[in-house]
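Notes follow once the structure below has been shown.
The values are calculated or read from the model by the stated rules, or taken from the named source; none is laboratory data. Note that the structure is a prediction, hence the values are computed from the model and not measured. Cβ coordinates were reconstructed from backbone atoms using ideal geometry, including for glycine residues, and neighbour counts include every protein chain displayed. Remember, those area values only see protein heavy atoms, side chains included, never the ligands or the DNA or RNA. Shrake-Rupley method; radii C 1.70, N 1.55, O 1.52, S 1.80 Å.
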Amino acid sequence: MDLLEGLNSEQIEAVKTLEGPLLVHAGPGSGKTRVIVHRIAYMVLEAGIKPRHILAVTFSKKAAGEMQKRLEELLGDMAALLTVSTIHSACLRILRREGIPGLGTTFEVYDEEEQNKLIRQCMEMAGLSIEENDLRRFKGIISYAKINMIGPDSIVPGSGGRFDDASAAVYRSYQKALKKQRALDYDDMLISTHRLLKENEPVLKKYQQLYRYILVDEFQDTSSLQYQIIKLLGSEHRNLCVVGDPDQTIYSWRQAEIRNIDHFRKDFPGTRIIGMDENYRSTKTIVDAANALISHNSRRREKQLTTNREEGNQVIVVKLDDEDAEARFIARTVRSLEAQSGLKNSDFAVLYRVNAQSRALEDGFNVEGLHYKLATGTPFYKRREIMDMAAWLRIIRNPADDTALARVIRLAGKGIGAQSMAALQSRVDKSGGHLFQVLEQAAAGTILSLSVRTQRSAALFLVLVHDLQAEARHLSLVALMNRILEKTAYLEHLKGEDDPEERWENVLELISLAGAYEHLNPIEALSSLLQKINAASDAAEKGNGKETVTFNTLHGSKGTEFPVIFIAGTEEGLLPHNKSLDDPERLEEERRLCYVGITRAMDTVYLTYVEKRRSFGEISYRVPSRFIREIPPNLTAHLDMTTPARPADG
């Protein structure tokens, strides 16, 4: 087996450079994973390095699994002796062997759901209402503190800044609860490993001798704490190879630290730098467009991707009327290209900045009868917040819908707890009636087994439902949904959930969809929207398992490639996102995000934007993204698909 066959000179240099610190700048489509895998195989088969002395770290279980599989193909049984894992798994392995003071080796590791539950309990203990406080904010503050190694006891009450008194109290309570339950969260694994290596020199020496050769994939995505662990492990032998691309740093919200690349060069003098800038994936036009776009970022190392591929198609910029026209255009273009070029559904990906955009895209593909799958996340009409709003609309139309009623009672039936619901459901089962009828009996006081508090709660809940039913007869559908949000304080409810901002955007997108039924009378509009939701939910299920077009967020698309890429919503306020417009650093990250999206394409890129979008039931007029203007005109072809057609914005 010739491990160097088919590699270019830079790739060969990266594979054969085994001693000393090495920094590989690997651009998109440059064969990064192949180089890492062949470098490890070269170490074992050509340099005679024992597999147990090699540690390869990447930043997702999927990537680690793929790397391990490819190494098994090259090394056979010897691959099992390597350590190929995520940084968290590598830390956990060390802690399970060495133990943690006070916990030993038999501690629990809490996942995100368990962490959320515990933080909620700590908020309640601190006298904080989850409806009035943002769970995600507390989680973010706690994670920030841990990654920056700020312990709860070092926070001075009333000192202000990021830590207010409430967050400091929850942090302290949360850490005490974890200790009591002999548990760690993911950040604790990093902290405990760093502390162990920093404070216990024999343990540090042990793992420095074990892991004499360290490779780190996606180095630009490491946090400051992760880098400190890697630095400690690699400081003895200095055979540390880090591979990454600063131009693909798009996870600052996960505490990724782009400055780690500069820190590495400073901490490991004599670092050898290899630039892998030849792109094997994309046409020359796509590569040139990506180079032109990213050159507008000032905080970057100057580099130019190159390719030996042909020029190929221009980047196609398409102007459309609205989000529904955008979705139909993309679906019809997929079908047309399949017929003309022999491509399959799986050769196409539709990328977007925010998850709420998938609603119109899913609807458009359903209308056109094309199957799709969401690479990350849940189909729009299956998302919890959408199902919550649909449940309210269903009981307003039909109170006998027991499933919807049970759902909204859990949301807004204060005082009707699990035990009361069990008693009500038992009554339903015995009587053969509907839950709404039994709820009316409870409100009237005729179910003696229920407490007075539950009876009052049932009465208040019925008043809410009756009020909404009365308003549904004369309010527009948009106004009705706004009334539901107002009367149920649903936004406050979302603040206790994961990703409240994203969930709220989805709710607003559903309200925007409701605006399309404003021409109907209120009852017809309500029925039409519910029919739409049911049909779309069924279509999403039918698409599973078939040859499908991939829908994905731009963040989720990293590490993928497709012959044809559509980036939907290439508009100011979406891409770049409106939260970045006044922040130069965040704006540069948005540009990197667009760069990542464009470089997923092998042959063709479509950038679509619309004249207007519905937002909160109202129409807002849009402006094409500055990123379109930053691509040279000779690399783009503009289509105006608005009605009536007018000259496209150049």
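At q = 0.13 Å⁻¹, what is the base-10 log of I(q)/I(0) for region 505-647 according to the Debye formula with one equal point scatterer per Cα and no solvent? Please give it to two decimals.
-0.79
Among bridges DSSP assigns within the chain, what percent are antiparallel (round to 5)?
Bridges in the chain are about 10 percent antiparallel.
How large is the accessible surface of K382 in square angstrom, using a 1.4 angstrom probe and rounding to the nearest 10?
Roughly 70 Å² of K382 is accessible to a 1.4 Å probe.
Roughly what angle does helix 477-488 make with the longest principal axis of the chain, taking Cα atoms, 0 to 90 degrees, to the nearest 10?
90 degrees
Take the alpha carbon atoms of region 3-51, find their center, do the same for region 414-461, and report the distance between the two centers in whole angstrom.
Using only Cα atoms, the two centres lie 68 Å from each other.
Where the accessible area of region 287-405 is counted over protein heavy atoms with a 1.4 Å probe, how much of it, in %, is carbon and sulfur?
That share works out to 45 percent.
Does anyone have the angle between helix 384-397 and the longest principal axis of the chain? Alpha-carbon axes, 0 to 90°, nearest 10?
Taking Cα atoms only, the helix is inclined about 10 degrees.
With only Lys, Arg, Asp and Glu charged, each at its Cβ (+1 for the first two, -1 for the last two), find how big the charge dipole of region 157-246 is about the Cα centre; round to the nearest 20 debye.
In total the dipole reaches around 560 debye.
List residues of region 457-481, by number, whose backbone nitrogen lies under 20 Å from a label position 7 Å along Cα→C-beta of I523.
Residues passing the 20 Å test: 465-481.
Between T105 and S9, what's the calculated FRET efficiency when r is the beta-carbon distance and R0 is 30 Å? Round to 0.05.
0.05
To test your reading of the geometry: what angle, between 0 and 90 degrees and rounded to tens, separates the Cα axis of helix 402-412 from the longest principal axis of the chain?
So the inclination is approximately 80 degrees.
On average over all directions, what projected area in square nanometres does the chain have, based on the convex hull of its Cα atoms?
If I average the Cα hull's projected area over directions, I get 33.3 nm².
Roughly how much of R96 is accessible, in Å² to the nearest 10, using a 1.4 Å probe?
100 Å²
Could you tell me how far the Cα centroid of region 70-128 sits from the Cα centroid of region 561-589, in Å?
What the calculation gives is 34 Å, centre to centre.
Run the count for region 231-389, please: Lys pairs, Cα-Cα under 17 angstrom, 8 or more apart or on different chains.
Within region 231-389, the lysine pair count is 4.
For region 515-610, which trypsin sites (Lys or Arg not before Pro) are in a loop by DSSP, counting at most 16 other Cβ atoms within 10 Å?
Hits after loop and neighbour filter: K546.
Can you count the Lys pairs in region 1-112 whose Cα atoms are under 21 Å apart, with each pair 8 or more apart or on different chains?
So the count works out to 7.
What list of whole percents do you get for P(r) of region 184-337, with Cα-Cα distances grouped in 10 Å bins up to the one holding the largest distance?
Over region 184-337, the share of Cα pairs per 10 Å bin runs 9, 26, 26, 19, 13, 6, 1 percent.
Given a 1.4 Å probe and the protein chains all in place, what does the accessible area of D262 round to, in Å² to the nearest 10?
100 Å²
Could you tell me the calculated FRET efficiency between K179 and R137, based on Cβ-Cβ distance and R0 = 22 angstrom, to the nearest 0.05?
Here the calculated transfer efficiency is 0.45.
When you take every Cα atom in region 1-131, what is the radius of gyration, and what is Dmax, the widest Cα pair distance, in Å?
In order Rg, Dmax, the Cα atoms of region 1-131 give 20.4, 66 Å.
Taking the Cβ-Cβ separation of K382 and H263 as r and a Förster radius of 35 Å, what is the calculated FRET efficiency to the nearest 0.05?
0.25
Can you tally the net charge around A360? Count Lys and Arg as +1, Asp and Glu as -1, for every other residue whose Cβ sits under 15 Å from the Cβ of A360.
-2
What number comes out for accessible area per residue over the chain if the probe is 1.4 Å? Units Å², please.
About 44 Å² of surface per residue is accessible.
Helix-derived [θ] at 222 nm for the chain: sum -39500 (n - 2.57) over DSSP H runs of at least 4, divide by residue count, nearest 500?
Taken over the chain, the calculation gives -15500 deg cm²/dmol.
Sorting K303, K198 by accessible area (1.4 Å probe), largest first, what list results?
Largest accessible area first, the list is K198, K303.
Restricting the calculation to Cα positions, tell me the Rg (one decimal) and the Dmax (whole number) of region 440-559 in Å.
Final numbers for Rg and Dmax: 19.4, 62 Å.
Using 0.36 nm per residue of separation minus the Cα-Cα distance, give me the extension gain between S620 and N578 in nm, one decimal.
13.8 nm
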